[in-house]
Amino acid sequence: MSDVRAAVIGACGRMGTLIIQRIMATEGITLSAAFDVAFIGQDIGEVTRLGKMDILVSDSKDLETVLNETKTDVVIDFTIAAATAVNAPAAAAAGVNLIIGTTGIGPEQRAAIDEAIVKNNIAAVISTNYSIGVNVFFKLLEEAAQYLRDDYDIEIIEAHHNQKKDAPSGTAMTAAEILSEALGGKDLVFGREGICPRGKEIGVHAVRGGDIIGDHNVMFIGNSERIELRHQAHTREIFVGGAVLAAKWVNAQEKGKVYNMADVLNF
């Protein structure tokens, strides 16, 4: 079986560099193209200090053309919502499968991406977090909520580095949505200020500072006890491994569908 040919959007950034490094070290997958808004025309290996690769950085504006020329199977995109909203439909139009790890995507942007996936009959994995540990964390939250029900108040506190653009994090939002659904549709409240008696909502709070990679703490608070489930990311490598695993997995899946990381892990 031939290797999966993967392109990376945002290839010159921190996540892009780590993803390329993991692709180069993983059997069954190879780098076919690299896209960014900077370093156009330069060797991606030299830009990322991974060694000459003879793959030049392409302008994202030329995405569809380059994907066709390089016979790319899958695109990996961990950029920003505004860029993904443009690049994901373009990649889908080229018949290329998608791995999207971008957070902060709005409802209208997501609807347009989903429509492009179905229209062009490709497969996609869209997840707010590609860490295996975080996806186990999600599963534990769902089970805890089913046991504890309405007897416990729930508060979510997430912390990230001071350069993160969106708040709350996509991971915190996924956690909140999982908990809300498990409890019959509880409302979400983002932060509190002034006089605000607590109802039956789920509280979501964001902290930004320093170089925190990712910290998510969910508290189930009863009258006499508190249960806390927490995930801490020590390195961005945890997201990279899952993304490359998903890139290898998605090509064999039914087309015209959107999957998440739980599907990849067979949860």
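Which condition breaks for residue 206 when tested against (1) surrounded by fewer than 17 Cβ atoms within 10 Å (Cβ to Cβ); (2) assigned to a strand (DSSP E or B)?
Status for residue 206: all satisfied but (1).
Could you say whether any residue in region 217-224 is small (Gly, Ala, Ser) and outside any loop (DSSP other than H, G, I, E, B)? Before you say what the answer is, go through the steps one by one.
To start, the set of residues in region 217-224 that are small (Gly, Ala, Ser) comprises 222, 224.
Those still in the list that are outside any loop (DSSP other than H, G, I, E, B) too: none.
No, region 217-224 contains no residue that is small (Gly, Ala, Ser) and outside any loop (DSSP other than H, G, I, E, B).
Which count do you get for residues in region 78-95 that are in a helix (DSSP H, G or I) and of a type in the set (Ser, Thr, Tyr)?
Within region 78-95, residues that are in a helix (DSSP H, G or I) and of a type in the set (Ser, Thr, Tyr) number 1.
Given the conditions (1) outside the structural domain of residue 89 (by TED's automatic domain parsing); (2) of a type in the set (Val, Ile, Thr); (3) closer than 20 Å to residue 126 by Cβ, and given that residue 244 satisfies all but one, which numbered condition is not satisfied?
With respect to (1) outside the structural domain of residue 89 (by TED's automatic domain parsing); (2) of a type in the set (Val, Ile, Thr); (3) closer than 20 Å to residue 126 by Cβ, residue 244 is out only on (1).
Which of (1) surrounded by 22 or more Cβ atoms within 10 Å (Cβ to Cβ); (2) assigned by TED's automatic domain parsing to the domain that holds residue 184 does residue 125 not meet, given it meets every other one?
Condition not satisfied by residue 125: (2).
Listed residues 40, 44; which is more than 23 Å from residue 124 (Cα to Cα), surrounded by 22 or more Cβ atoms within 10 Å (Cβ to Cβ) and assigned by TED's automatic domain parsing to the domain that holds residue 8?
44
Return the only residue of 201, 225, 254, 237 being without any contact (Cβ under 8 Å) to a residue 12 or more places away in the chain and either out of contact with any helix residue (DSSP H, G or I) (no Cβ under 6 Å at 6 or more places or on another chain) or surrounded by fewer than 16 Cβ atoms within 10 Å (Cβ to Cβ) (or both).
Matching residue, one of 201, 225, 254, 237: 225.
Could you tell me whether residue 75 is surrounded by fewer than 22 Cβ atoms within 10 Å (Cβ to Cβ), touching a strand residue (DSSP E or B) at 6+ places or on another chain (Cβ under 6 Å) and not in a loop (DSSP other than H, G, I, E, B)? Step through it out loud before you land on a result.
Values: surrounded by fewer than 22 Cβ atoms within 10 Å (Cβ to Cβ): no; touching a strand residue (DSSP E or B) at 6+ places or on another chain (Cβ under 6 Å): yes; not in a loop (DSSP other than H, G, I, E, B): yes.
Judged against the criteria, residue 75 is not a match.
Among (1) part of a loop (DSSP other than H, G, I, E, B); (2) of a type outside the set (S, T, N, Q); (3) under 18 Å from the mean Cα position of the chain (by Cα); (4) not assigned by TED's automatic domain parsing to the domain that holds residue 136, which single condition is residue 249 missing?
(1)
Restricting to region 115-132, and then to whatever is touching a residue at least 60 places away in the same chain (Cβ under 8 Å) and out of contact with any strand residue (DSSP E or B) (no Cβ under 6 Å at 6 or more places or on another chain), can you tell me which residue is nearest to residue 172 (Cα to Cα)? Don't jump to the end; show me each part of the working.
Of all residues in region 115-132, those touching a residue at least 60 places away in the same chain (Cβ under 8 Å) come to 117-118, 121-127, 129-132.
Then drop every residue that is not out of contact with any strand residue (DSSP E or B) (no Cβ under 6 Å at 6 or more places or on another chain), which leaves 118, 121, 127, 129-132.
Values: 118: 27, 121: 30, 127: 12, 129: 10, 130: 13, 131: 14, 132: 16 Å.
Applying the filter and picking the extreme gives 129.
Return yes or no: is residue 181 more than 30 Å from residue 78 (Cβ to Cβ), without any contact (Cβ under 8 Å) to a residue 40 or more places away in the chain and either not in a strand (DSSP E or B) or not assigned by TED's automatic domain parsing to the domain that holds residue 144 (or both)? So that I can check it myself, show each step before the final result.
Working: more than 30 Å from residue 78 (Cβ to Cβ): no; without any contact (Cβ under 8 Å) to a residue 40 or more places away in the chain: yes; either not in a strand (DSSP E or B) or not assigned by TED's automatic domain parsing to the domain that holds residue 144 (or both): yes.
It is false that residue 181 is more than 30 Å from residue 78 (Cβ to Cβ), without any contact (Cβ under 8 Å) to a residue 40 or more places away in the chain and either not in a strand (DSSP E or B) or not assigned by TED's automatic domain parsing to the domain that holds residue 144 (or both).
Only one of 175, 247, 243, 206 is within 18 Å of residue 101 (Cβ to Cβ) and in contact with a His (Cβ under 9 Å, 6 or more places away or on another chain); which? Steps first, please.
On the way: 247 fails: in contact with a His (Cβ under 9 Å, 6 or more places away or on another chain); 243 fails: in contact with a His (Cβ under 9 Å, 6 or more places away or on another chain); 206 fails: within 18 Å of residue 101 (Cβ to Cβ).
After ruling out the rest, the residue left standing is 175.
For residue 154, state whether it is surrounded by 20 or more Cβ atoms within 10 Å (Cβ to Cβ) and either under 18 Å from the mean Cα position of the chain (by Cα) or under 28 Å from residue 5 (Cβ atoms) (or both).
No, not satisfied.
The values are calculated or read from the model by the stated rules, or taken from the named source; none is laboratory data. What you see is a predicted model, and the numbers here were worked out from it, not measured in a lab. Backbone-built Cβ (ideal geometry, glycine too); neighbour counts: all protein chains shown.
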